[in-house]
Amino acid sequence: MDSSVGATPVSARARAKRRVRAAVRASRATRSPSDRSTAAAEISAHLIALVEAAQARRVTCYLATAGEPDPELFLQWATEQGIEVLLPVSLPDHTLAWVLAGQGDPVPGRHGIREPVGPRLLATAAGSADLLLIPACAVDRAGTRLGWGLGYYDRCLAALDQRPPVYAVVHDADLVAALPRDAHDIPVTGVVTPAGVRRFAAKTG
Ligand SMILES: Nc1nc2c(c(=O)[nH]1)N(C=O)[C@@H](CNc1ccc(C(=O)N[C@@H](CCC(=O)O)C(=O)O)cc1)CN2
Ligand SMILES: Nc1ncnc2c1ncn2[C@@H]1O[C@H](COP(=O)(O)OP(=O)(O)OP(=O)(O)O)[C@@H](O)[C@H]1O
């Protein structure tokens, strides 16, 4: 049992999460264009290595929005390899749908994030992927993932009976010592940053 669950009042955890989101948003906003393109190249190289090592044929990934590590080069590589990539669409009830990449030019969706075009698959389609590569605001060294506060990925992950390995993709500065964890926060398998891939120790007992 993680003592951070239950030991801290909900409102204090919610405030702490908001503080981290604000700090990460500010830190991402200060990145220079050259910093961004270096991070993008490094992230994609690590994503390629991870997918190759897992021999994954179908993965989820994302279309980057402001400040996120941009996996575009990875997406191009995956297309060339014939690897299927599911990209997220945000629905009004804060659940995700998925669309197979490569069916047309992305369009701005809810929240101004680019979204793929094509037939929509249910949130549970993520369960058919070999590997889930997901965006995040921050991740801690125990695998706790913090998102942007609407619970899209929390709901999606909770809906899967069989969860493929989940890797959150963030900048090195967003991998922090400890984050507040709520009972609904499902820990990730690992994290991908421009510095490399880190797999967290599996919980025992
Ligand atoms: N590239 C990318 N696509 C993604 C995500 C992501 O993090 N990155 N998502 C990951 O979930 C989903 C979209 N999630 C979003 C979650 C919150 C906000 C947002 O505007 N949040 C407000 C605070 C909202 C609140 O707390 O009420 C904010 O940040 O100011 C936007 C998108 C699906 N697609
Ligand atoms: N499995 C779930 N079912 C229903 N509601 C959920 C679930 N998981 C999270 N929520 C709700 O979603 C809201 C946002 O949760 P939280 O702050 O942990 O999101 P986040 O991790 O930042 O978001 P995201 O998953 O979009 O990246 C909270 O109100 C929470 O209660």
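The values are calculated or read from the model by the stated rules, or taken from the named source; none is laboratory data. Quick caveat, the model's predicted, so the values are computed rather than measured. We place every Cβ from the backbone using ideal geometry, glycine too, and count neighbours over all the protein chains shown.
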| query | What is the one condition in (1) under 16 Å from the mean Cα position of the chain (by Cα); (2) away from ligand 1 (no atom under 13 Å from the Cβ); (3) in a loop (DSSP other than H, G, I, E, B) that H94 does not satisfy? | reply | (2)
| said: When the residues of the range 140-163 are narrowed to those that are touching a helix residue (DSSP H, G or I) at 6+ places or on another chain (Cβ under 7 Å) and closer than 26 Å to A45 by Cβ, which ends up farthest from ligand 1 (Cβ to nearest atom)? | reply: R163
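Taking into account only those residues within the range 145-172 that are more than 15 Å from the chain's Cα centre (by Cα) and loosely packed, with under 15 Cβ neighbours inside 10 Å, which is nearest to ligand 2 (Cβ to nearest atom)?
Within the range 145-172, the subset more than 15 Å from the chain's Cα centre (by Cα) is 159-162.
Within this subset, residues satisfying the condition of being loosely packed, with under 15 Cβ neighbours inside 10 Å are 161-162.
Details: D161: 14, Q162: 16 Å.
Per the stated criteria, the residue is D161.
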| request: Look at the range 55-85 and say how many of its residues are hydrophobic (A, V, I, L, M, F, W, C) and either within 16 Å of ligand 2 (Cβ to nearest atom) or more than 15 Å from Y167 (Cα to Cα) (or both). | output: 9
| request: Look through P116, P88, P108, P69 and report the one residue that is touching a residue at least 60 places away in the same chain (Cβ under 8 Å), more than 9 Å from ligand 1 (Cβ to nearest atom) and closer than 30 Å to S32 by Cβ. | output: P69
| Just wondering, is there one or more residues in the range 48-67 that are modelled with pLDDT under 95 and either touching a Gly at 6+ places or on another chain (Cβ under 9 Å) or within 18 Å of D174 (Cα to Cα) (or both)? | yes
| query | Does any residue in the range 134-153 that is closer than 21 Å to L122 by Cα come within less than 9 Å, Cβ to Cβ, of a residue that is hydroxyl-bearing (S, T, Y) and part of a strand (DSSP E or B) six or more places away or on a different chain, and which pairs are these? | reply | I134/T60; I134/Y167; L150/S90; Y152/S90
| note | When the range 105-129 is checked residue by residue, the ones that are surrounded by 15 or more Cβ atoms within 10 Å (Cβ to Cβ) and assigned to a strand (DSSP E or B) are E115, L121
| Quick check: is even one residue across the range 63-80 over 18 Å from the mean Cα position of the chain (by Cα), of a type in the set (G, A, S) and not in a strand (DSSP E or B)? | no
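Test H184 against the criterion of being surrounded by fewer than 17 Cβ atoms within 10 Å (Cβ to Cβ) and either more than 15 Å from T95 (Cβ to Cβ) or within 16 Å of ligand 1 (Cβ to nearest atom) (or both), and give yes or no.
Numbers: surrounded by fewer than 17 Cβ atoms within 10 Å (Cβ to Cβ): yes; either more than 15 Å from T95 (Cβ to Cβ) or within 16 Å of ligand 1 (Cβ to nearest atom) (or both): yes.
The answer is yes for H184.
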